[in-house]
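The values are calculated or read from the model by the stated rules, or taken from the named source; none is laboratory data. What you see is a predicted model, and the numbers here were worked out from it, not measured in a lab. Counting neighbours? That spans all protein chains shown, and the Cβs are built from the backbone with ideal geometry, glycine included. Protein only, heavy atoms only, side chains kept; ligands, DNA and RNA dropped before computing areas. Shrake-Rupley method; radii C 1.70, N 1.55, O 1.52, S 1.80 Å.
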Amino acid sequence: MSAAEDRHEPTCCWVLTPPAPGAVAVVCIEGPQALAAADRVFQHVGRRRVVQMAMDRVYFGHLRKPQGEEAVLCRTGPQAVEIHCHGGPQVVQALVAALKQQGIAPASPEQWLRKQAPCGPAREALQWMLQATTEPMARLLWHQAQLAWPRWLTQARQALAQSDWPRLNDLAQEVLAWEQFARHLVEPWQVVLAGRPNAGKSTLLNALAGFQRAVVHARPGTTRDVVQQSVALGGVPMRLSDTAGWRSSGDSLEQEGIRLARRQWQQADLVLVVLDRSRRWGAEDERFLQAVQAQNQRLLLVRNKCDLPAAGGHPPGVEISALARQGLDELQRAILHHLVPRWPELHQALPLTPQHAQLLQQLVQATAPPRPDARAAATVLERLASG
Ligand code: GDP
């Protein structure tokens, strides 16, 4: 890199791990001065200089400040290193201060992102990745930035250059098919529990959450407010909401709870209708089921209390015992099947924002027969690429 380029690209450091105590912290240094700066803050046990180190190999040594602190260093690029040290905030602060003394400024995570992907869908993907709450979603987003979108843009530009409109149209439609899924890469799916009082909704919420989140009580009408809990089922982020037990009578407080419940059912991506199969199915159950169906058709019927004898008359559903934790794996599979019936390949580009979806729609229109509009297609494609 020339001296002129050096002036434009300062060397910066980033603390890549969260600002909280942890076993390990990762500090990366990138830019023309990265290797020289690393030599001044890190001493390899074999006294090898960073420039002599092989790429992507890990070298053990000590930090010079705090003196003697054990650390490992890895050259991750021609002008990039990562130092992995103990995760105590004091150690990290001392290392960053030592780098500052070398004129290496600490930069924000956003600046790091801008460096990795200056614009377009790849940048959006990395930004979302910072907020991903599960490993599979973070992995998907990482591949969006590194593989899926760069690949898609290359293919789309090739199709445009060859005036291959059917191909370009297909490419846009393939991405659009994942719109619903992509909306939930970071935003959790809303899964709402509905049931008559005492069906076992709160017990089920606690079983799925893995801890006692909602009050469980044999007295009917205990849950009146909406109780929410974020969970990850099969790596998919979800927000579970336990709602008031439905009944046609009840005091005004209970009816208010049921009104809130109705609103939740309506907005849900999926309603788990929890039925107590140890009590005979009756007219009030039928009324309850109709009340839920009137709000939402995306239902999964769950026949709870399968540890007790079945009383009969219930519609078919997934058999579980929330109390004895039986059938929960099958329930989890059924929930995932409803919400995420298929999972994208890592190389599949996804519409990461509403704007992507809008531009892709425009691309579909611009490339549609009988008269594809080459100029409109080119404009849309460049808008998509530049973000
Ligand atoms: P909710 O009103 O629908 O939230 O019901 P709760 O979760 O508060 O449960 C009501 C009662 O049913 C409590 O006494 C629970 O212990 C009991 N219960 C819940 N699930 C089961 C189950 O799978 N088997 C049995 N035997 N009892 C259960």
inquiry  = Taking just the alpha-carbon atoms of the chain, what radius of gyration and Dmax come out, in angstrom?
reply    = 27.6, 83
task = Quantify, in whole percent, the carbon and sulfur part of the accessible surface of the stretch 251-387 (1.4 Å probe; protein heavy atoms only).
result = 49
query = Is the shape of the stretch 189-339 rounded, prolate or oblate, going by the alpha carbon gyration tensor and its root eigenvalues a ≥ b ≥ c, with a/c under 1.5 for rounded and a/b larger than b/c for prolate?
reply = rounded
note = Shape descriptors of the stretch 267-380 over alpha-carbon atoms, Rg and Dmax in angstrom, are 22.4, 69
task = Please state the charge dipole magnitude for the stretch 3-109, taken about the Cα centre, from unit charges on C-beta atoms (+1 on K and R, -1 on D and E), reported in debye and rounded to the nearest 20.
result = 340
note = Here the FRET efficiency for SER386 versus ARG40, based on Cβ atoms and R0 = 56 Å and rounded to 0.05, is 0.90
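How much length would be gained if the chain were fully extended between ASP373 and GLN326, taking 0.36 nm per residue of separation minus their Cα-Cα distance, in nm to one decimal? Walk me through the numbers on the way to the answer.
Working: separation 47, 0.36 × 47 = 16.92 nm, distance 5.79 nm.
11.1 nm is the gain from fully extending ASP373 to GLN326.
Write down the percent of antiparallel bridges among all DSSP beta bridges whose residues are both part of the stretch 3-109, to the nearest 5. Spell out each step's value before the answer.
Working: 26 of 29 bridges.
Taking every DSSP beta bridge with both residues in the stretch 3-109, the antiparallel ones total about 90 percent.
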note = Taking a straight Cα-to-Cα line shorter than 12 Å from LYS201, and setting aside same-chain aspartates and glutamates fewer than 8 residues away, one finds ASP242, ASP276
query = When the Cα centres of the stretch 340-387 and the stretch 285-318 are compared, how far apart do they sit, in Å?
reply = 41
ask   = What percent antiparallel are the DSSP beta bridges of the chain, to the nearest 5?
value = 60
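Quote the charge dipole size of the chain about the Cα centre in Debye, to the nearest 20; the model charges only the Cβ of Lys and Arg (+1) and of Asp and Glu (-1). Working shown, then result.
Details: 41 positive and 34 negative charges, 61 e Å.
The dipole magnitude comes to about 300 debye.
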message = Students often forget the sequence filter, so: which lysines lie under 30 Å Cα-Cα from LYS100 once same-chain residues fewer than 8 apart are removed?
response = LYS65, LYS115
note = The long-range amide H neighbours of TRP189, using H built 1.01 Å from N in the peptide plane and a cut-off of under 5 Å, are MET238, ARG239
message = If I build a Gaussian network model for the chain, linking alpha-carbon pairs within less than 10 angstrom, which residue out of ARG342, ARG325, ARG371 has the largest mean-square fluctuation?
response = ARG371
task = Report the label-to-label distance for GLN266 and GLN158 in nanometres (one decimal), using points 7 Å from each Cα along the Cα→Cβ vector.
result = 4.9
request  = Compute the FRET efficiency between LEU308 and GLU135 as 1/(1 + (r/R0)^6), taking r as their Cβ-Cβ distance and R0 = 35 Å, and round to the nearest 0.05.
outcome  = 0.40
